[in-house]
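Participant: Before we start, here is the structure in question, set down as structure tokens.
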Amino acid sequence: MTPSNIVNMAKLCGVDVIALTDHNSCLNCAAAMKVGESIGLTVIPGMELTTSEEVHVVCLFECIKNALEFSDFVYSCLPNIQNNTSIFGDQLVVNQEDEVKGTIDKLLINATSISIMEIVSLMGKYGGFCFPAHIDKNSYSIISNLGHFPDDCGFSAAEVSKSCDFDTLKKSHSEINGLHILRDSDSHSLELLDFENESIYCKSLTFQDIIDSIKN
């Protein structure tokens, strides 16, 4: 799952745009964006943030500068627990040639001190857009961890997994009615890259037009 392999595989799958959303870090986004530029595929810099409630939230950014600034902030909000490479492996930072340029010391799978109640406002400060990830899953989702989808979080969209029975989910959680629902790839390995059912229609591939399509 190096940036070059991800972007080139996405190109082979025939998609126009992807978002790279590593857990609690944006440090590999710049490399993926450079690969995308070279082959004509739009790469949105992003992150899958773990909130203090251990809820996963997808965060997307218009520019790499804002993404990296947010990434630094998130790193400061992680507990000072070092990555144990013998258990979790190396947390690598690479360039567009997939050459290793460094490693990340803190363990990235931990929860940050950022609350689900503040993330939408925080995204406004960094010029980003966010939505809770895989809300139908039994772990690391806003519904499983909080028991419901709070209407005062400020989200206008949410993500469900590819296997989600959305009609059943709506019946048991009517509070998600009115949200724009995305069914994302959420792939953690190259062989799972599957974009067959992940289509949105927008005026252009600019960040704002893509986000407007997600919101509406």
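Values quoted throughout were computed directly from the atomic coordinates according to the rules given, and no laboratory measurement underlies them. These numbers come from a predicted model, not from an experiment. As a convention, Cβ positions derive from the backbone with ideal geometry for all residues, glycine included, and neighbour counts pool all protein chains shown.
Participant: What does the helix-only formula give at 222 nm for the chain: each DSSP H stretch with n ≥ 4 adding -39500 (n - 2.57), the total divided by the residues, and the result rounded to the nearest 500 deg cm²/dmol?
Facilitator: Numbers: 8 runs with 66 residues, N = 216.
Roughly -8500 deg cm²/dmol at 222 nm, from the helical runs in the chain.
Participant: Ok, one more. At 7 Å along Cα-to-Cβ for each site, give me the label-to-label distance between SER189 and LYS170 in nm.
Facilitator: Calculated label separation equals 3.4 nm.
Participant: I've got another one for you. Estimate the FRET efficiency between SER204 and GLU54 by the formula 1/(1 + (r/R0)^6), using the beta-carbon distance for r and 22 Å for R0, to the nearest 0.05.
Facilitator: It comes out at approximately 0.05.
Participant: Next up: Could you calculate the contour length gain from LEU92 to ASN5, that is, 0.36 nm times the residue separation minus the distance between their Cα atoms, to one decimal place in nm?
Facilitator: 29.9 nm
Participant: Rg and Dmax of the range 99-162, Cα atoms, in Å?
Facilitator: Rg and Dmax of the range 99-162, Cα atoms, are 14.2, 44 Å.
Participant: Here is a further query. Place a label point 7 angstrom from the Cα of SER113 along the Cα-to-Cβ direction, then list the residues of the range 45-65 whose backbone nitrogen is under 15 Å away.
Facilitator: Of the residues in the range 45-65, 51-53 have backbone N under 15 Å from the label point off SER113.
Participant: Still on this model: For the chain, modelled as a GNM with alpha-carbon contacts under 10 angstrom, which of SER113, SER204, SER156 fluctuates the most?
Facilitator: Greatest mean-square fluctuation among the candidates belongs to SER204.
Participant: Also, I was wondering about something else. Calculated FRET efficiency, LEU146 and ASP105, Cβ-Cβ r, R0 35 Å, to nearest 0.05?
Facilitator: 0.70
Participant: Then there is this: When the scattering of the chain is computed by the Debye formula from its Cα atoms alone, each counted once and equally, what is log10 I(q)/I(0) at q = 0.15 Å⁻¹?
Facilitator: Those come out to -1.00, one per q.
Participant: Would you please report the Å³ per residue occupied by the convex hull of the alpha carbon atoms in the range 14-69? Could you put the intermediate results ahead of the total?
Facilitator: Details: hull volume 4.2 nm³, N = 56.
That works out to 75 Å³ per residue.
Participant: Next question. For LYS170, which lysines qualify as cross-link partners when the Cα separation must be under 24 Å and same-chain residues fewer than eight apart are set aside?
Facilitator: Qualifying lysines at Cα under 24 Å: LYS137, LYS162, LYS215.
Participant: Taking every alpha carbon pair in the range 141-189, what does the distance histogram look like in 10 angstrom bins from 0, in percent?
Facilitator: Percent of pairs per bin, in order: 22, 59, 17, 1.
Participant: Need one number: the % of Cα-Cα pairs in the range 118-216 sitting beyond the 24 Å mark.
Facilitator: Every Cα pair in the range 118-216 considered, those over 24 Å come to 25 percent.
Participant: Hey, if you put +1 on the Cβ of every Lys and Arg and -1 on every Asp and Glu Cβ in the range 3-215, which of GLY128, SER172, PRO79 ends up farthest toward the positive end of that dipole?
Facilitator: Comparing the listed Cα positions along the dipole, GLY128 ranks first.
Participant: Calculate, in nm to one decimal, what CYS63 and THR85 gain on full extension: separation in residues at 0.36 nm each, minus their alpha carbon distance.
Facilitator: Going from the current span to full extension adds 4.8 nm.
Participant: Name the residue, out of ILE176, ILE39, ILE64, whose mean-square fluctuation peaks in a Gaussian network model built on the chain with Cα pairs under 10 Å.
Facilitator: Checking each option, the largest mean-square fluctuation is seen for ILE39.
Participant: While we're looking at this one, here's another question. GNM, the chain, Cα, under 10 Å: largest mean-square fluctuation among HIS134, HIS56, HIS188?
Facilitator: The residue that fluctuates most here is HIS188.
Participant: At 1.306 mPa s and 10 °C, plugging the Kirkwood radius over alpha-carbon pairs of the range 51-146 into Stokes-Einstein gives what diffusion coefficient in µm²/s?
Facilitator: 108 µm²/s
Participant: Inverting the mean 1/r over all pairs of different Cα atoms, compute the Kirkwood radius of the range 1-102 and quote it in Å.
Facilitator: 14.2 Å
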